[in-house]
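Heads up, the thing below is written out as structure tokens.
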Amino acid sequence: MTTDIATPLDLPCGARLSNRLCKAALTEGLADPMNRATDKLERLYRLWSEGGAGLVLTGNVQVDRTHLERPGNVVIDGNGGIEALKAYAKAGTVAGNHLWMQINHPGRQAPISVNRNPLAPSAVPLKVAGNNHGDPRAATEEEILDVIRRFAYVATVARETGFTGVQIHGAHGYLISQFLSPIANQRTDAWGGSVANRARLVLEIAKAIRTAVGADFPIGLKLNSSDFQQGGFSNDDAIAVVQLLNGAGIDLLELSGGTYEQPVMIGAGDDKAENAPATESTRQREAYFLNYANLIKPHARMPVMVTGGFRTKRGMNEALASGGADVVGLGRPMCVDTDLPRRLLSGEIDRVPTWETDLRLAPNALGPEVGADMRRQIEVWGKQGWFCLQLILIGEGKGANRELVD
């Protein structure tokens, strides 16, 4: 029988997704000053639950208040807010869908306004234009073990408060991704060097979470198919890590790619970078990382999800029918149209509307001292900001503003 977006999916742990569409993780920044869940998150996730996706993933929920991906992250770190988490989970599951909490630690990608010396595998600073991140410091053995305990604790709280699963964020240059990268991880102990050593952190986190939540609770993992950096985490590395993960109790593997230094996960990055996916053939095929999924999936004993670039129902169904993906993730389009899955499933639409602002700075907007790389970074993250503003508007009950230009 041909698989399409309406086909249910049974996960290894025994849970079932009602269809193959997922609202992918999107950073929200809607927590209160103590980094606890709010009614804004309830309002937003109720709409996403009612939007029809079989799986809804939260944005970054951090394990440590001293390390944030951005101000406004939800954090579970002895800061209270348990009842607020329960209300958040209840709102996000009103339609009977799965709601998984994405658990993260940003490592050296924490902004300097949050931490001037963030934890990292090694003291290797980020190389990005206009860097606003602190000087990272190499984690001690005890600090690494503490990170593992924190992930397991947050997963336990997620289950106790009504979330139906968790996703470990191991991609996009955050802490786990940093440990996987031979550029960011220059350790010479058991946490660095070989692929197996660099993968030790994610394997130990997966093991600790499975022990904490039991056999029937879904655990997902977001993993880079490649960092797209010369000498960095490669597609061959990703295959090796997946083979190591096959016995770790992962129920859904989401494949993505890129870091802050090479932001291909948002459709940007340097086309000349190693194995960069932003080619014309990739754009025609829609999904940024589907070709890498085709290389990795034969090695995976768990279902695979691909996010990034899907825009037509036909493209989604072809990816599913071909076996290149088992779940399709939808991200930025759902910042504006929260009910896209329902409309795709019903046949009301066969193409995802795109609302992205085509931000291009005027040639002299930043002055001659600002180079091309800095200009590109401002344009890329400026586009991201447009979508973040949509989430704020929806969370405040105002609805998305498709005409937003200021």
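The values are calculated or read from the model by the stated rules, or taken from the named source; none is laboratory data. Note that this is a predicted model, so its numbers are computed, not measured. Here Cβ is always computed from backbone atoms with ideal geometry, including for glycine, and neighbour counts include all displayed protein chains.
Restricting the first residue to region 1-28 and requiring it to be within 27 Å of Val75 (Cα to Cα), which pairs with a second residue that is among the hydroxyl-bearing types (Ser, Thr, Tyr) and in a loop (DSSP other than H, G, I, E, B) meet a Cβ separation below 9 Å and a spacing of at least six or different chains?
Ala15/Thr164; Lys23/Thr338; Ala25/Thr58; Leu26/Thr58; Glu28/Thr58
Out of Asn224, Asn235, Asn246, I need the residue that is out of contact with any Asp or Glu (no Cβ under 7 Å at 6 or more places or on another chain), under 20 Å from Gly59 (Cα atoms) and not hydrophobic (A, V, I, L, M, F, W, C). Which one? Even if it seems obvious, please write down each step before you answer.
Details: Asn235 fails: under 20 Å from Gly59 (Cα atoms); Asn246 fails: under 20 Å from Gly59 (Cα atoms).
After applying the criteria, what remains is Asn224.
Of the numbered conditions (1) assigned to a helix (DSSP H, G or I); (2) more than 21 Å from the chain's Cα centre (by Cα); (3) of a type in the set (A, V, I, L, M), Val157 fails exactly one; give the number of that condition.
So the condition that Val157 fails would be (2).
Looking at region 1-9, can you tell me whether even one residue there is assigned to a strand (DSSP E or B), in contact with a helix residue (DSSP H, G or I) (Cβ under 8 Å, 6 or more places away or on another chain) and of a type outside the set (D, E, K, R)? Working first, answer last.
To start, the set of residues in region 1-9 that are assigned to a strand (DSSP E or B) comprises 9.
Among the residues that remain, those that are also in contact with a helix residue (DSSP H, G or I) (Cβ under 8 Å, 6 or more places away or on another chain) are: none.
Within region 1-9, none of the residues are assigned to a strand (DSSP E or B), in contact with a helix residue (DSSP H, G or I) (Cβ under 8 Å, 6 or more places away or on another chain) and of a type outside the set (D, E, K, R).
Which is outside any helix (DSSP H, G or I) and of a type in the set (D, E, K, R), of Asp146, Asp135?
Numbers: Asp146 fails: outside any helix (DSSP H, G or I).
Only one candidate qualifies: Asp135.
Output the residues belonging to region 172-199 that are farther than 20 Å from Leu221 by Cβ and of a type in the set (Val, Ile, Thr).
Matches in region 172-199: Ile183, Thr188.
If you take the residues in region 82-97 that are buried (at least 23 other Cβ atoms within 10 Å of the Cβ) and of a type outside the set (A, V, I, L, M, F, W, C), which one is nearest to Leu252 (Cα to Cα)?
The residue in question is Asn97.
Specify which of the listed residues (Asp237, Asp227) is acidic (Asp, Glu), farther than 22 Å from Thr161 by Cβ and in contact with a helix residue (DSSP H, G or I) (Cβ under 6 Å, 6 or more places away or on another chain).
Asp237
If I go through region 151-203 residue by residue, how many of them are in contact with a Lys or Arg (Cβ under 8 Å, 6 or more places away or on another chain) and of a type in the set (Phe, Trp, Tyr)?
2
Can you say whether Val202 is surrounded by 20 or more Cβ atoms within 10 Å (Cβ to Cβ), touching a strand residue (DSSP E or B) at 6+ places or on another chain (Cβ under 6 Å) and either under 22 Å from Ala24 (Cα atoms) or aliphatic (A, V, I, L, M) (or both), as far as the supplied structure shows? Please lay out each step first, then the result.
Working: surrounded by 20 or more Cβ atoms within 10 Å (Cβ to Cβ): yes; touching a strand residue (DSSP E or B) at 6+ places or on another chain (Cβ under 6 Å): yes; either under 22 Å from Ala24 (Cα atoms) or aliphatic (A, V, I, L, M) (or both): yes.
So Val202 fits the description; yes.
List every residue pair whose Cβ atoms lie under 7 Å apart, where the two residues are 6 or more positions apart in sequence or sit on different chains, the first residue falls within region 72-86 and is on the phi < 0 side of the Ramachandran plot and in contact (Cβ under 8 Å) with a residue 40 or more places away in the chain, and the second residue, located anywhere, is among the hydroxyl-bearing types (Ser, Thr, Tyr) and loosely packed, with under 15 Cβ neighbours inside 10 Å.
Once the first residue is on the phi < 0 side of the Ramachandran plot and in contact (Cβ under 8 Å) with a residue 40 or more places away in the chain and sits in region 72-86, no partner that is among the hydroxyl-bearing types (Ser, Thr, Tyr) and loosely packed, with under 15 Cβ neighbours inside 10 Å comes close enough.
Would a scan of region 261-279 turn up a residue that is modelled with pLDDT of 75 or more and among the charged types (D, E, K, R)?
So the first thing to find is which residues in region 261-279 are modelled with pLDDT of 75 or more, and the list is none.
Scanning region 261-279, I find no residue that is modelled with pLDDT of 75 or more and among the charged types (D, E, K, R), so the answer is no.
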